[in-house]
Each structure stands twice: as structure tokens, then as C-alpha cells.
């Protein structure tokens, strides 16, 4: 922590600041300049509330020295985390494709779509069985019935399963069917849920909150990691901005930033980020060009009848064409995708 | 729902749009102007995803006609909801004061503070026993032990209790000790939690999410109301903006807007909104001047030693002085506070 | 400036950082802790681009020590700036009211409104003659003809004049008629305009930009001050947020923050902040309760026919009633208003 | 315009709304449903302030039917605008590269960099001579001397010139040296400047404002177009969000959205968007993959000594390597770049 003293602070005020820092257990280094005095306060307290010092008389400002996350930081884990799930590797040189419908709706739908997913070369089948909906009057998902269908369809085509968990009470039942838990944007700071998923040994894909900073997102990953589960995948799905022509603003720059700050893999979700089918292909291409470790794409064979998010689902033919484009771009930047 | 047709749309496109609307069960009214055709689609489907129409060829734009919430709307409930808890009324002409520490820390602390709360004329004692913290390494609350102390202290001074519930698994135990459940900003869209609190008969205070619109906030209230619990109090606690000199931006204009759109009472929380002690009094005064039905203020007798949010806690003497100012302002606008 | 060295930085990297700092002319203070090394770099360079150091190998982060503004800072000017314009004082204990129409429209309109302004006890008449409009097809103001009418109406009722200047070419002509130049939100960072207004001796009211931080706003004030004009008034008029039920979000917390950071007076503009007539009174009351040095309120005797911003204009009777409420609140916090 | 009537509105209120609409010159179409009445108000008034109707009693909401821009809209200009400047085409199938330093600093610098720009195959040399700086104490550009050097360097290597204009008073002098005027983000809504550039016959590149929506950006383009200058290029340079690890958030999704809504070409500026050298290459690749018509990249042969924005400038070798990557990605999506 670095404490900037006000130019006109008195000696008594400075002594008082130092006393407080020492009482809180910090080691002190004081630098006196012509205009400013700076106090370096050293000691490992990642969760210290710096406002405690900021409000003292004579203090101009206070900065944290260390990032508040540690297990998620590349500083303490230099190599990329590569998560191996039954032979499929996430975070390596190969870019992973995750596809499927927004919600599992019935047996016919999920089997049809699983076949297309498999045909595209994608490795992971997505599908929601418990749906977080803004309106209490909207379709809330098929529940365990949906989980069973999702697993059966994935098994038939040799795919892995990813599906969303909304609350601690669902962890066990979903764990029986899934290979990866997904945490939705609205639950990014549902701390009890993060801790309980951290106590399982199933990988977790953590979506970024609607207006979360990357630091807050990595802090949420830290919750899972510090509870014992090292297999965390980050997923950028768009942030809220003032723009109204898109559903959210897909923050593609989060991809190189996460790669710099953290060792965890990052997947891009252009479907939720844009909200409209015609914007998904350019944004999926951009995500691969920017270095995403995976792309999650919603598809539907009859999107007009989809029970949720139909307008952002790609039709199978558009989807298969897009995967081909992504392969060319992956090759152009030295990554594999097949 | 209103569908705006593009100026250059063909007749086939317009027919196709109309067919879709009819298939979705809407009644159609078509208005043809010189430049624009407008289609009114009428039928009660509050959760219809308007993007389904927006993506059809020939459609320029689509707007919802009705607000997506109903039970929370003043349209369907003209008079203010007044919640009566053991004789204390929230939402009436009297402005209610809620005070206490951020967290319950020990018996001495909570009893000392309850005494001050009582002395100020406030009716409700706040105190967290389960704390949502950004860092997994921070103090996470005393748990049930804290609830017991909070209840004992409140009972000694004839106060009501409000405390935060973070997940469904805590509902029963907290329900044994509290008069009002508090839902924190990060849980505003924790839909399973909202539904389960909606199934209790204890009033709920719902904080606005960090970057939630007022419409989304009222939709979350709708979740609780539609699950059977009519006693919802809204709480404005600041929203995230680009400003860095304050912790959050206290959206005081939410107060008259909520009063216009909804019949539910609204409480202001200047402590979390500003994050710094010296900004709490002017913002508390502003909230009362703008028409808040209640004000929640964090206090601490030794804020430097507080286990959470000490920098925003008022000292007892500042707090008592502030309450006096609030009384004068309440009188100036014809409200009671005592 | 404070430079935080990465835990795993090599000695060569640290030496290289120090060499760079010295080459840029800074004095160095190095503090070595168990985990972190911190380098204090001292020397007065308010505009140094800290990214120059941030991108060096081995650097974890860099913070500025001093605020980038100086003349606008309370650190270097402890007492409030009180601007005296022909006997009316802005920034003293008395709260100043500025009222009038959005645009000057014709002689009858501005004289009618000036009479009401005068009757309310307000000291300053506002009215736009050059209007910044989002659409090139909207009414763009009466130009010099409007300025003449504004001055005549103000003189008849003994009022001061404030009106907006949009570009350098308008400075001279507006200067002939006005007592205060107003800079609109969209011009807050029109640096040539700021410099040229800084070279006049007429006071300037600087509105906060739509998504400007308070620091950026004070930096813009610094442009005017450093060009020689000490008479700057700040005006909070709402910032852009995600909320759609209000036009902007009125950041009332900016009032105590500006008072803490700066010695310049701050006026609140609830009309532009909210955009709707019925929200102006509660927000005007809140601004006074929070400590504003002045309030600017748009009025119109026939708002349905107003050429701009009619929906946010108060009717004369509502306006006069509001002024009475503001007087009571001013008294409640020990300020004068008459 | 579409007016939604409140469910409980009286007949008198509805008649009053209709009377107002007719008085404002609209044609009326009324649709009565079970719950809602909708009034379509038709007539070409792109700048009508819909709040005038929104505030009437009995009105639930009002929506605009037509986009507020016309000349910038693809609805009225189906084919892409291709701007031909001395044989270089912007907006066609070929992707245009614009490179050079942030500021022109001296003869040696600009000639060295022009040589590299030319070597890369780029067609346009950038360089600022008048600089908008947040601080009045920062380097403000070389002025006309810089313009002369920029022109000479461009001419030597057969390049076009683009440079920023900050105020109307600079238009003539800059016009003598440049092939394209650049309008910076902070001037996006400097309406007098837009109008005066609209009266020239030199193409204009209009950067998006820091927190502007795409609609507002196209409205600003409309100002230039409606003043007579059809040659407008849009430039996405990052928007302000809550993220602090990047300087701005590069809104790559603006590229396909602009292509859908408008016929004007769009260029991406990853240098200002990210603010840090190491994030420029992934973001430049992403912009090309998403369909940008051009990319603007800042370079410097000695960025540590650059007088402005050195930390975001690419070194020549990184720049040349990036151009090669961009060529491969352009080829992958069927665009040319050479």
C-alpha cells in the first residue's frame, strides 16, 4: 500500500498516519520530497480496506500495491492453465468450440442439435435446464428432465456437456449429468455459490458480470480457486454500455488483458454479447483473431420456435460456414481449430 | 407491442410479419402512413421476446407497449403500500430511520450501538451476520451467533431487526431472528433467492443492483410479489458510474421515479452509496428532501476498528446531529420524522 | 509518482526503471519490502504520461501522486472563491437562483419570464441564443437578436444575464450582452474555447460533461483558470448512466465532493439533469439540502409551445412554490436564500 | 411516432392527446385493444421532441418511428459510400491502413516514420499538429510548422495526409495541407465545427465520442452530410466503460452495426482504444476480422521519447509484422489489403 501525504499536512498528522499503519501491522518506508511525502506500507493484507487510511487527516490518496487476487494471477502461476476433460483440452493451442441451444426444450431438439454440433467438430454441447430469466413469467427451464436429455444427446455423439447452475441446491443434481458447471453473469458475485462450486472437482466456467471489471471477475475466480477447485474457465459475454443497437458490448479487449493478468483460459460468447444472429459471425471471428481459447455459439434448427433467445441462435448452415471461417483465422494466427 | 415497418419493405415482408404476429397469438392493427407502416400487436404477453419480430425482414424496430412488471406497478395498485411491522409503518407519511453497524462484531459493540439507535428515535436496527465480500480472504460475518446478538440488542431497546440473507439455505435460520430480510445489491437478480423469499411472510428490503435500471429492479420486486409476499421495500444504495471520487453514485432521482412508477416504499442508503463518512450527511439530507420513505445509516462507535466498512460509518455524535437536521428537512416538506 | 515493482522483477529491470525515471528528471526513493519494491519518483510534472513507466518490464503498476489540477484545487486555495458580479455573490453563504427559458424565443416570452424570475427573488436570468442541438434539423437559436432581447429584459428587471457560448467566434458578440458565459456539457473539453474564455474577464459557468469524471471537469476548469480568468463556476447537470426513466442521472454527490476538492462554487441544474418537469422540484430540493451554491431552473409560461426543452420547464406557479420550499430547506441547513 | 395510452386513461385524456398531436401537424391512427390503446402519429418531423407528448396525462410511453438521421442511413442510400481520394478508395473491398505518429515532432521523426508507413503498403500518413490535451500544461502540437512537415513527408513517399482539426479557426490553414480532416472524440458533438467542415469539399473522418451511442455518432455525421459534404468516414476508437485495465473499451461490435445502419465506411483505431502497445495487435486483427474498412495504427521509432501517447505506439518491426497478419486475416474473409 502506498500512502500519499497532502502537501500541507502537519507533522502530527503524518505521525498519526504512521501510527495507524503500524497498528494495522504494516512495515513503514517514508520518502520525503520537496512537495510530497510518500509512505510505503508493506505487509501481505490483500483484503485491507484502504479507505481506513484514506479518511485520516493529512492523507491525499492511498493505492493498493498488490492485485487483490493471487491464485488467479499469472504472477504466481506463470504457465497457462490447461484443463483436460476426458481428453479435450481447454487453454492449450487448440481453440475449443462449445455449441448448442440456449435451453434444452425436448428430446427431438437436443438430439438434432447435438448431431450438428458433432458434425462441426465442436467438442462440447451446451444447453440450459435451469434458466435465469428477468421475468418471473418466462420459461424457467425443464429441470432434471432437461439434464437427462442433454447428457443422452451428448453421449450419443461423443460430446462433453456444459450447463448452468443457478444456486447451491442444484449443484448435486447437475453434477450427476455435466462435465462443466456454468455460472451465469448475474451470479458472478454469488459468493456462497462460488465457494460451493470450489469444493467440487468439476470444472467451472465463470461468466463475467454485466458491469464487472476484469479485476472483480478474477476475484470471483479466486473464490472458486481458493476453495480448492483449480479448473476455472473464464467466459466473456458482453458488458453493459450506453449502446442500444446491441444487447451488450462484447469486450474483446478482455481477451488479451486476461491472458496477461491470469493463467486461466478464456472463452468468448458472441451470442449473448450481441443478442442478434447477424452480428454473431463477425464477433466470433474477431474473438478468435484476438486470441480466445474457445468460442461458445448458440444454435437452433428452428429459432422462431425456440423457448429462449431464439433471435441470437445461428441456423445450422450459417453455423457450419462460420466454423470454417474460424478455422482459417485460427490458422492465420498459429492456433488450431478442428 | 408496436412494430415499425421499414419504408422500403415489400408487401410480402409485411404479410410475413403479420403472419408471425398472429401465430404468436397477437391481435393486429395496421396503420399505413405516407412513409411508414405501423403494426399494433395487442395481447397480454409480458415476457414475449420482441427480438423475435425485430429480426424479421422489413422490420425497422419493435417496442413493448406495457411495462414488464405488473404487481409492482402503480398502474394496478394506485395507493402507496404501507408495511406495518409490529406498529412501525414503512411507506406512510413518517420517514423511518434504520441504523446500526455494517457487521455485528461482538456483544459489546451491538449493544452500544443499539442504545444509540434507540436514543436517536430510529425504529430499526441493522447489522450483518452473513457478509457478501468481494474477497474470499475478508471477514465473512459471525453467522448465527451474530443473529442472536442482534436480536437480543434490538429487543432490549425495543427495536426491529433487519439483516441480510445471501442464499436460500440461510432463509430459515435468519427468519428466526429478523423482522425484515435484506437482499444485497449483488443478489438483486438471484432469482431462486427472490422466489424463496417471496414464499415467506417476512417483509423484504430489496437493494438496487450496482448497474441495474429501475425497470430491472422493479422486475426483481415482481419476482417476490408474484411468489406471494406483498411486503417489499426498495432500497437505493448507489449505482456504478465512471466517477472515482465516490464509491458509487447515489441516484437520488430514483426516489421520485420509483414513487411515480410503483406503490412500494423506497429507502435510501447514503452510507454504501458514497462510501465515505463525510459525504453521508449531505446525501442523507438530500434523500429526505427528495422524498425518501426511509434512510439507512451505518454507525460505529470505533470505526477504525470496525471489521467491515468502517470508513463509511458515522460516529454517534455526528449521527445524532444528522438526525436532527433530517427532522427539520422532513418538516420543511411536510413529512414526519421522530 | 509511485512505481510498484513486480514481485519477480530482476535487478536489471529495476535498474532500468530507475534510469528511465532519472532521465525523465525525477528524484528517486526506493523502498524494498519482503514481497514488493516501491519506487517513489518525485518532481513536479503534472502532465507526465505515467504509461511511459507502466509499460517498462518489471513494473506492476504506477500511480500519480498529485492531482493533475492545481489552480482549481483547494490544496492551493483554501478559502471558497466568491464571485461578485455587480453585487451578486456566487459561492458565499447565500444560495443563488438562476432561472429563465431554455431558449429566447421572442420579446413577449422573455419579458414575461424575466418578470417571474424577478418576482421569485432570483438574481440571474438565463436564456439561450445559440443552441447546441443533437439534430441539424432542430431550432438553432435566435442568435444576436436573442441576446439583445435577453439583455433588455434582464435590465428592465434588474437581473444579471447568463447565456451559452458554443464557439470562439461567438465570444465577442456574446460578451457585449452577458454577465456570465455558459459552457455546455458537450463543450466541456473544447480546449480552444476554454482557453479563449480564460483570456476574457467575464465569469464562466462550466457544465460537467455527460460522462466526465469530477477530475476531468476540474481539469477543464484549470484550462480557464490557467489562461487568466479566476472566475469559474461549476455546474452539475446530470451524467449519463444506464437508467432510462430519467434523461440523465443527477449526480448530487458531486456537490460535497467538489466542495472538498476545489474552492470553486457549484451550481445545480435539475432541469437538464432529469428532463421532466415533475422531477425538477424534488431534485432542486435535494441539491440545496446537499449544499449547492446555486440552482438553475428552467421555466416557461407556455411550455407546450416552447421551441426547446419545454417538457422540463416548470410553470410559473410551480416555480414560485418551489422557491419557497428551497428557502425553508436553505434555512434548515444554515444557508440564506431570498 | 407511436403513443401508448395508459390502461386507465379517460376518454377526455385520449382526446386531449389526439388534439395535441393534430396541432403539432401529425396524422392520427388509433388502435384500441382490450388493455391498451395505441395512437400512431405520422408525419415527417425528425427533430420533434417526443417528451412533449410523454408528459401529457394518460400517456404511458412514446416512441419515435423513424431514425433521427436520414442522409447517413442505409435506408435512403443502399450502396456503400466509397470515397476516392487521389485514387485511394475508402469503403470498397480493399482495407485501408492509416499509420504514423500521434504528433508530428520534428522533420527527422516524421520522415523516418513516413518511410516505414510507405514500406508497409499503407496509403495514408497520420500525424497531429494541433493536439487536444486533457491538461493545459501538456504539449499542444507544433501547429502550422507541423502541417508543413507532415505534407512534405507524405509527398516524398506518395502518401495521403490525415490530421486533426480542433476548431473552426483552423479549418482553412489545415485545409491547405491535408487530404482528410480528422475530428477527435471530444469534438464529436461540436456542432459549429461539424457544420463548417460540412461546407468544405475535403473528406472528414469523424471519431466516435467517448460515451456516444452509435445513433448519436450517426447524427453527428448527419450534421456534416446535411451541410453539403458527402465524404464522411467513421472511426471507432473505444468507448468509456468501467474497465480500468484498458484505457477505453474498443467496441468492435460497432463495425457490423454501422455497416447495417449506414452506408458510410468505418475505420478502427486500436491504438487509442487500448492505450497500450501490447494490446494493439490483437485488437487490430479483431477489427479486420469483424469487417473494418480501414485500420489506423500509431507508430514511433523511439516511443519512449514521443511527445504524446508513446506507450500506445508500435515499434516499426512490430508494426510491419502486424500488417502481414492483417493481410492473412483479410484474405480469410475475402477482403484485400496490400
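Bear in mind these aren't lab numbers, they're just calculated from the coordinates by the rules spelled out. Bear in mind that the values here come from a model prediction, so they are computed numbers and not experimental data. No Cβ is skipped: glycine too gets one built from the backbone with ideal geometry, and neighbour counts run over all protein chains shown.
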The FRET efficiency for residue C:302 and residue C:201, from their Cβ-Cβ distance with R0 = 51 Å and rounded to 0.05, is 0.85
Most mobile of D:165, D:59, D:204 per a Gaussian network model of chain D (Cα springs, under 10 Å)?
-> D:59
Can you give the helix-only mean residue ellipticity at 222 nm for chain B, where every DSSP H stretch with n ≥ 4 adds -39500 (n - 2.57) and the sum goes over all residues, rounded to the nearest 500 deg cm²/dmol?
-> -9500 deg cm²/dmol
Using alpha-carbon coordinates, inclination of helix D:11-23 to the longest axis of chain D, degrees = 50
Quick one: with label points 7 Å out along Cα→Cβ, list the inter-copy distances for residue A:320 in nm, shortest first?
-> 4.4, 7.8, 7.9
Most fluctuating residue of C:282, C:136, C:101 in a GNM of chain C with Cα springs under 10 Å: which is it?
-> C:136
Between copies, how close do the residue D:172 label points come, placed 7 Å along Cα→Cβ, listed in nm from shortest?
-> 1.4, 8.4, 8.5
If one computes the Cα centroid of the stretch C:95-124 and of the stretch C:135-200, what distance in Å separates the two points?
-> 16
Sites residue B:119 and residue B:145, calculated FRET efficiency, Cβ-Cβ separation with R0 25 Å, nearest 0.05 = 0.45
Nearest 10 degrees, 0 to 90: what angle lies between the long axis of helix A:107-119 and the longest principal axis of chain A (Cα atoms)?
-> 80
Residue-averaged beta-carbon neighbours from other chains (10 angstrom radius) around D:303-309 = 3
For peptide C:188-195, compute the average count of partner chain beta-carbon atoms within 10 Å of each residue's beta-carbon.
-> 6
Label-point separation (nm) for residue D:93 and residue A:57, each offset 7 Å from Cα along Cα-to-Cβ?
-> 7.5
Could you quickly flag the chain A residue whose beta carbon comes closest to the rotation axis taking A to B, and that distance in whole angstrom?
-> A:211, 2
Residue D:6 versus residue C:11, label points 7 Å from Cα toward the beta carbon: distance in nm?
-> 7.8
Rank-order B:149-155, A:271-277, D:251-257 by packing density, defined as the average count of other C-beta atoms within 10 Å over each peptide's residues, highest first.
-> D:251-257, A:271-277, B:149-155
May I ask what percent, to the nearest 5, of DSSP beta bridges between residues of chain B are antiparallel?
-> 40
Distance in nm between pseudo-label sites at residue A:172 and residue D:173 (7 Å out along the Cβ direction from Cα) = 7.8
Other chains' Cβ within 10 Å of B:67-73 residues: what's the mean?
-> 2
Helix B:144-156 sits off the longest principal axis of the Cα atoms of chain B, rounded to the nearest 10 on a 0 to 90 degree scale, by 70
Distances in nm from residue D:334 to the matching label points in the other copies, shortest first (labels 7 Å along Cα to Cβ) = 3.0, 6.7, 7.3
With both partners inside the stretch B:42-172, how many of the DSSP beta bridges are antiparallel, as a percent to the nearest 5?
-> 35
Counting DSSP beta bridges in the protein assembly as shown, what percent are antiparallel, to the nearest 5?
-> 40
Expected max-MSF residue from D:37, D:318, D:81 in the GNM of chain D (alpha carbon, under 10 Å) is D:37
